[in-house]
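For reference, the structure discussed in these notes is given below.
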Amino acid sequence: MGHHYSDDTLKLLLVLPLLFCFLVRSSNAVSSLRSDFVVSWSPNNVRFLGSHGDALQLVLDQNTGAGFMSKDRFLFGNIDMQIKLIPGDSAGTVTAYYLSSQGNKHDELDFEFLGNSSGEPYVVQTNVFSAGVGGREQRINLWFDPTKDFHSYSVRWSAKRVVFLIDGVPIRVFSNNEAVGVPYLRSQPMQVYSSIWNGDSWATRGGLVKIDWSQAPFIATYRNFRFTNGCRASTPAAVSNCLHSSSANKLDAASWDPGFDKNKLSWVKRSFMIYDYCTDVARYPTAPAECSREF
């Protein structure tokens, strides 16, 4: 026997599936780190803070570093985390915050914060792997002290480009240059990771400055992870749905490919960049194809 619904009820029944789909695809709420992340390395050196685990700390001591990773995988979208970096003399330490897929031809987007001697600028190294190919390092000196307070480190990832930002200021762009044979990050969902570890063989002045263990423990603090305007894609079906959804087919729309201030990007490069693989002729006698096609 058929059911008869009022017009208002029919409208509600039509809207509910769409609303559910939106909630699965993207959440505007700041997450609890305890609910969205798991410890991936050295549980004794990971400290969840607050009654709900709204923040956490990674600790490096003489025994070990530590790390965490997201439970979900993400495909496209805006990924934000606030981090307070290691204070004091952090020379030789590396705090890595990155997105990565799995497999030999993995995709990866890296922030690596290279510790410093007290009073020296903090260095941020970014890198991009697409289809397993990396070697795209860029380094900048931060224009503020990242140990005094929390700052936002963000990735804006669409089918058109990836933008790295710090406090909303773009520091790097990696565009889709498949037209000239450069693989792009367009189909492999990535998890969010962070770790803290001993990198004193290379991290500070090329490894000349070693970790001063009398300053240990070294602590980085995290809060306010946010993911918006993308897909949570932890299963093959979710990846397929994301790639074939109406929103994903309109990735040039502003909500999926937010604009960025090219003047600010130029300011960062002009004022703070200390290494760019694109200009390293000893390493790349012919600059990689993407270097001449930034936007």
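The values are calculated or read from the model by the stated rules, or taken from the named source; none is laboratory data. Only a predicted model underlies this, so the values are computations on that prediction, with no experimental measurement involved. Positions of Cβ are generated from backbone atoms using ideal geometry, with glycine treated the same way; all protein chains shown enter the neighbour counts.
Scan region 184-241 residue by residue and report those that are under 29 Å from GLY77 (Cα atoms) and of a type in the set (Gly, Ala, Ser). Outline the logic, then answer.
Quick first cut of region 184-241, residues under 29 Å from GLY77 (Cα atoms) only: 184-197, 219-241.
Of everything in region 184-241, those that are under 29 Å from GLY77 (Cα atoms) and of a type in the set (Gly, Ala, Ser) turn out to be SER187, SER194, SER195, ALA220, GLY230, ALA233, SER234, ALA237, ALA238, SER240.
Does SER195 fit the bill of being more than 20 Å from SER271 (Cβ to Cβ) and at pLDDT below 95?
Details: more than 20 Å from SER271 (Cβ to Cβ): yes; at pLDDT below 95: no.
The answer is no for SER195.
Taking ASN224, is it surrounded by 16 or more Cβ atoms within 10 Å (Cβ to Cβ) and either among the aromatic types (Phe, Trp, Tyr) or not in a loop (DSSP other than H, G, I, E, B) (or both)?
Numbers: surrounded by 16 or more Cβ atoms within 10 Å (Cβ to Cβ): no; either among the aromatic types (Phe, Trp, Tyr) or not in a loop (DSSP other than H, G, I, E, B) (or both): yes.
Criteria not met by ASN224.
If you check PRO146 against the conditions, is it at pLDDT below 95, over 30 Å from THR286 (Cβ atoms) and part of a loop (DSSP other than H, G, I, E, B)? Spell out the reasoning first.
On the way: at pLDDT below 95: no; over 30 Å from THR286 (Cβ atoms): yes; part of a loop (DSSP other than H, G, I, E, B): yes.
Considered against the rule, which asks whether it is at pLDDT below 95, over 30 Å from THR286 (Cβ atoms) and part of a loop (DSSP other than H, G, I, E, B), PRO146 comes out as no.
Scan region 73-100 for residues that are in a loop (DSSP other than H, G, I, E, B) and crowded, with 19+ Cβ neighbours inside 10 Å and jot them down.
Pass one, region 73-100, residues in a loop (DSSP other than H, G, I, E, B): 73, 76, 85-92.
Within region 73-100, ARG73, PHE76, LEU85, ILE86, ASP89, SER90, ALA91, GLY92 qualify.
If I ask for residues that are under 21 Å from HIS151 (Cα atoms) and either surrounded by fewer than 21 Cβ atoms within 10 Å (Cβ to Cβ) or of a type in the set (D, E, K, R) (or both), which ones from region 167-190 would you list? Explain how you work it out, then say what you get.
Within region 167-190, the first condition is being under 21 Å from HIS151 (Cα atoms), and the residues that meet it are 167-173.
Result: ASP167, GLY168, VAL169, ARG172, VAL173.
If I ask for residues that are within 15 Å of the chain's Cα centre (by Cα) and at positive phi, which ones from region 62-112 would you list?
Selection gives PHE76, GLY77.
Quick test for you: out of GLY115, GLY88, GLY135, pick the one residue that is over 28 Å from GLN62 (Cα atoms) and either among the basic types (Lys, Arg) or in contact (Cβ under 8 Å) with a residue 40 or more places away in the chain (or both). Can you show your working first?
Working: GLY115 fails: over 28 Å from GLN62 (Cα atoms); GLY88 fails: over 28 Å from GLN62 (Cα atoms).
Testing whether each residue is over 28 Å from GLN62 (Cα atoms) and either among the basic types (Lys, Arg) or in contact (Cβ under 8 Å) with a residue 40 or more places away in the chain (or both) leaves just GLY135.
Given the criterion within 19 Å of HIS106 (Cα to Cα), of a type in the set (Gly, Ala, Ser), touching an Asp or Glu at 6+ places or on another chain (Cβ under 8 Å) and in contact (Cβ under 8 Å) with a residue 12 or more places away in the chain, identify the matching residue among SER158, SER154. First the steps, then the outcome.
Numbers: SER154 fails: within 19 Å of HIS106 (Cα to Cα).
Answer to the selection: SER158.
Can you tell me which residue among PHE218, PHE150 is under 25 Å from GLY53 (Cβ atoms) and crowded, with 20+ Cβ neighbours inside 10 Å?
Numbers: PHE150 fails: crowded, with 20+ Cβ neighbours inside 10 Å.
One residue alone meets the criteria, PHE218.
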